[in-house]
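Below is one structure, written out as structure tokens; comments come after it.
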Amino acid sequence: MAIENVKCLIIGGGPAGYTAAIYASRAALSPVLYEGIQPGGQLTTTTTVENFPGYPQGVDGVQMMDDIKSQAERLGADIRSGVVSSIDLSRRPFTVVIDGEKTIEAQALIIATGATAKYLGLASEQQFRGMGVSACATCDGFFYRGRDVAVVGGGDTACEEALYLSGLCRKVYMIVRRNVLRASRAMQERVLSTSNIEMLWECNTQEVLGDDAGVTGARLLRKDGTVFDIKIDGFFLAIGHHPNSELVSEWVKTDENGYIVTDGRTSRTNVDGVFAAGDVQDPLYRQAITAAASGCRAALDAEKFLLENS
């Protein structure tokens, strides 16, 4: 099997990976980027993006990622389709196998594999993804201004999402499977004192209801066996994210939830020459703009590392 040697390898094709490719290209690092199983990242599952600078009229998520990808390619980045099968970070150059058949040795590696939102696993939930079902209130809440929505979850994230939506929407239901919230006391008090948030305790979602235009409601099951429907236009999941860090967790330090730990405000990991960017190392913000910014940092950190270790 022939081995390809590259100076800077980027794994992941979301805003973090593509931005890292832009900066690495301008630094003459000749970056090679593999997009993985979801080219463009999570933004390709949403509709209009209105909070990314430079698009005053908003932009389709797929189109925006195509724009950033095209910019990286214009600057010289080699962007390829392919999924990483295995990684060996025990020594430099790092060894990465693509699709089980191509081996690459990299002097510097940027991990930008993102995170995956957790869903309930309902067929109807998947049917209406991007048509009323969302895992990001900050991204999509604006489209439900003055309408009724539901948030699933009982932790701090769910409470934050519900509070955010309460400032936009007419009514926000919180669907909580227990009879208490898991959120901090301060967050609980804020939610419970917000007049247009209604708590639906001890409820689980049986089905997301909708038609060709999108979500119209949800069918819920109470702990006592009662089944009832609510009318909503938006259904927001806030039950957590799963960082896609399994490929490198044998070598790279992660926190208790699997997010890659970086050194201070840098993108450096505990492995010299390996950098992390985007949602795979960000359990807090999870926005396209913050992912892009961390991709910039990763490329600059990689450039400095290669200059010092060439």
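Cα-based radius of gyration for the range 136-295, normalised by 2.2 N^0.38 Å, reads 1.21. Over the Cα atoms of the chain, the radius of gyration divided by the Kirkwood radius equals 1.03; this is the Rg/Rh ratio. Coupling constants for the range 273-289 follow from the phi torsions by the Karplus curve (6.51 cos²θ - 1.76 cosθ + 1.60, θ = phi - 60°), and in residue order they are x, 10, 10, 10, 9, x, 5, 5, 10, 10, x, 9, 8, 6, 10, 4, 5 Hz; glycine and proline get x. Tell me the net charge near Asn179. Cut-off is 10 Å between Cβ atoms, Asn179 excluded, with +1 for each Lys or Arg and -1 for each Asp or Glu. Once positives and negatives cancel, what remains is +2. A Förster radius of 35 Å combined with the Cβ-Cβ distance from Lys231 to Asp67 puts the calculated FRET efficiency at roughly 0.40.
For Met174, Met64, Met187, Met199, the sequence from fewest to most other C-beta atoms within 10 Å is Met199, Met187, Met64, Met174.
Loop-resident chymotrypsin sites (Phe, Trp or Tyr not before Pro) (DSSP state other than H, G, I, E or B) in the range 192-259 with no more than 14 further Cβ atoms inside 10 Å of their Cβ are absent. Taking the DSSP bridge list for the range 119-237 and keeping only pairs wholly inside it, about 45 percent are antiparallel.
Reducing the range 205-262 and the range 92-110 to their Cα centroids gives an inter-centroid distance of 33 Å. When both bridge partners sit in the chain, DSSP labels roughly 45% of those beta bridges antiparallel.
In order along the range 198-207, phi translates into HN-Hα couplings of 10, 7, 10, 6, 6, 10, 10, 7, 8, 7 Hz, rounded to whole numbers, per the Karplus curve 6.51 cos²θ - 1.76 cosθ + 1.60 with θ = phi - 60° and x for Gly and Pro. Taking 4.7 Å between beta carbons as the limit, the unpaired Cys residues of the chain are Cys8, Cys159, Cys169, Cys203, Cys296. Taking 0.36 nm per residue of separation and subtracting the current Cα-Cα distance, fully stretching the chain between Thr95 and Arg74 would add 4.8 nm.
Grab the beta carbon distance between Gln188 and Phe142, set R0 = 45 Å, and tell me the FRET efficiency rounded to 0.05. Working from the Cβ atoms, E equals 0.95. Sparse packing (at most 16 other Cβ atoms within 10 Å of the Cβ) combined with a DSSP loop state is found for the following chymotrypsin sites (Phe, Trp or Tyr not before Pro) in the range 33-123: Tyr119. Phi angles of the range 11-16 translate, via the Karplus equation with coefficients 6.51, -1.76, 1.60 and θ = phi - 60°, into HN-Hα couplings of 10, x, x, x, x, 5 Hz per residue; Gly and Pro are given as x.
Rule-based calculations on the coordinates, nothing more; no lab input. Everything quoted here is computed from the prediction, not taken from an experiment. FYI the Cβ positions are ideal-geometry reconstructions off the backbone, even for glycines, and counts take in every protein chain you see.
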